[in-house]
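Before any comments, here is the structure.
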Amino acid sequence: SGDIKTFVDSKKPKSDVQFAAVVAYYYQFEAPAESRKNSIDAQALQEAARLVGRWRGRRAPKLLPTLNNAKTLGYLDSPERGQFCINSVGENLVAMTLPGSEPERARRKPQSTKPRKTKPKKR
């Protein structure tokens with residue numbers, strides 16, 4: 001497997017919560033055997049962000065709330081306080097959904113649902 005920067009770059013997480021899921025996935029399944037972890041904490045997430053240059057030039061968010069948000073959204077489980085591991089929903093997000101290549105129709109401008117104003121017919 002590649003290094004964490006290559007893996008994160010290939011997945012292109014769009015949010016900090018997706019980034020947390022990608023990092024947890026990497027450490028559980030993709031990291032070299034000696035670096036694998038069953039769970040991550042705020043410190044591991046911060047180290048991963050440093051390695052990939054995630055928040056370069058801007059202030060990093062508070063990482064424990066980011067991990068808790070990922071748990072609330074169903075991507076991570078928390079087997080013990082402060083520890084987070086990827087679950088099947090998070091695995092699907094990382095393995096199947098990311099990188100987020102939107103289908104063609106999702107990128108088009110949504111059609112307005114307002115009725116069109118029609119000019120009254122002249123008689």
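Remarks
- Whole-Å semi-axes of segment 52-98's equivalent ellipsoid (Cα gyration tensor): 21, 16, 8
- Working from label points 7 Å from Cα in the Cα-to-Cβ sense, the Arg81 to Ala60 distance is 2.2 nm.
- By average C-beta atoms within 10 angstrom, highest first, the peptides 85-94, 14-23, 52-61: 14-23, 85-94, 52-61
- Anisotropy class assigned to segment 1-94 is rounded, per the alpha carbon gyration tensor with a/c under the 1.5 cut-off.
No value in this document is a laboratory result; all are computed from the given coordinates. What you see is a predicted model; the values in this text were computed from it and never measured. Every residue, glycine as well, gets a Cβ built from its backbone with ideal geometry; the counts of neighbours run over all protein chains shown.
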